Amino acid sequence: MAKVNKRLAVLVGCNYPNTQYELHGCINDVVAMKDVLVKRFGFDPTNIELLTDASAATGEGSSSVVLPTGENIKAALSKMVSQAEDGDVLYFHYSGHGTRIPKPAHLFGHDEAIVPCDFNLITDVDFRQLVNQLPKGASFTILSDSCHSGGLIDKEKEQIGPSTYRAASSLSYKAKNIPFESILEHLKTLTGINTSDIGTHLLESFGANASLKFLTPQLESELFDFLKADEGILLSGCQADETSADMNPMESGGKAYGAFSNAVQMVLKENSGRLSNKEVVMMARKVLEAQGFDQHPCLYCSDENADATFLCQPEAEPY
């Protein structure tokens, strides 16, 4: 009997309810994507793990609800990667806030990170380690609908990158970004430590569950000693220096949504046939431009995966 390849997914939606950083469309984004994964891409619902902070909005906790904390997200991703075999298709969809972490003074630039509901940052180094653990022949697609999401897999090859064209947007929306300084101040209130070193606060607050970037700093260089073309594929909602939009019900005239997640779903609905990763990103860019958004989705992956079919879509009935 022929081996059936697995299709595994982790979907994370963070709305940060009852906080000053509250968003509105992130849970809607991943719930809608779950439906697309099942109906179009052949994912078994039992192989899709959904993590949202919906229960935090009501204050009614449930033992069946897994909150999107840093520890829980990393545990779900590690479990998914550990189950992967040759030919398997892995997918991670994140909708929520992102941030940029300044590099030390002697280095130039920033590191990208996503912001789980407990502020236990997951960095580009963590995603690089996950990709490095993939078995040969398995693919791992990450769609991050968050600010500064370009480059979220550290050192992944840029296929569709920064746009030189910038138009002023007249749309009213909330940026899916928490500034580094705000995250630092929030963590200071948790630890009571007066230092601007974010690693100190994260290690004090989360211990062994903090990002590898701060837990084992030397690992960052070790991870890249033997870099080669890999099976990591990142579709980012915007460039590393841009913000991604969250539209709320009053402003959008309907259900809240993340602009990039919604654009990808529109592209998939309007094109029932197979699309390459490059086509999905370029078409989503056109959708966002037509809608008046000033954000430019990017694609980071190997040359081969740029032209590979998005999520290895099987031949099936039109969506």
Residues of segment 263-319 being assigned to a helix (DSSP H, G or I), more than 21 Å from the chain's Cα centre (by Cα) and among the aliphatic types (A, V, I, L, M), in sequence order, are A290
Which condition does I153 not pass, out of (1) in a helix (DSSP H, G or I); (2) modelled with pLDDT under 95; (3) surrounded by 15 or more Cβ atoms within 10 Å (Cβ to Cβ), if it passes all the others?
(1)
Identify the single condition in (1) open to solvent by less than 30 Å² (accessible area, probe 1.4 Å); (2) part of a loop (DSSP other than H, G, I, E, B) that D118 does not satisfy, given that it satisfies every other one.
(1)
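Take segment 93-110 and flag every residue that is part of a strand (DSSP E or B) and surrounded by fewer than 23 Cβ atoms within 10 Å (Cβ to Cβ). If you could, list the steps in order and put the result at the bottom.
Filtering segment 93-110 for residues part of a strand (DSSP E or B) gives 93-95, 98-102, 110.
Within segment 93-110, R100, I101, P102, H110 qualify.
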With respect to the numbered conditions (1) in contact with a helix residue (DSSP H, G or I) (Cβ under 6 Å, 6 or more places away or on another chain); (2) modelled with pLDDT under 90; (3) open to solvent by 10 Å² or more (accessible area, probe 1.4 Å), which one is the sole condition not fulfilled by Q133?
(2)
Every listed condition ((1) open to solvent by 10 Å² or more (accessible area, probe 1.4 Å); (2) at pLDDT 90 or above) holds for V264 save (1)
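The values are calculated or read from the model by the stated rules, or taken from the named source; none is laboratory data. This structure is a prediction, so every number in the text was calculated from the model and none was measured. Backbone-built Cβ (ideal geometry, glycine too); neighbour counts: all protein chains shown. Keep in mind that these areas ignore ligands, DNA and RNA; they rest on the heavy atoms of the full protein, side chains included. Shrake-Rupley method; radii C 1.70, N 1.55, O 1.52, S 1.80 Å.
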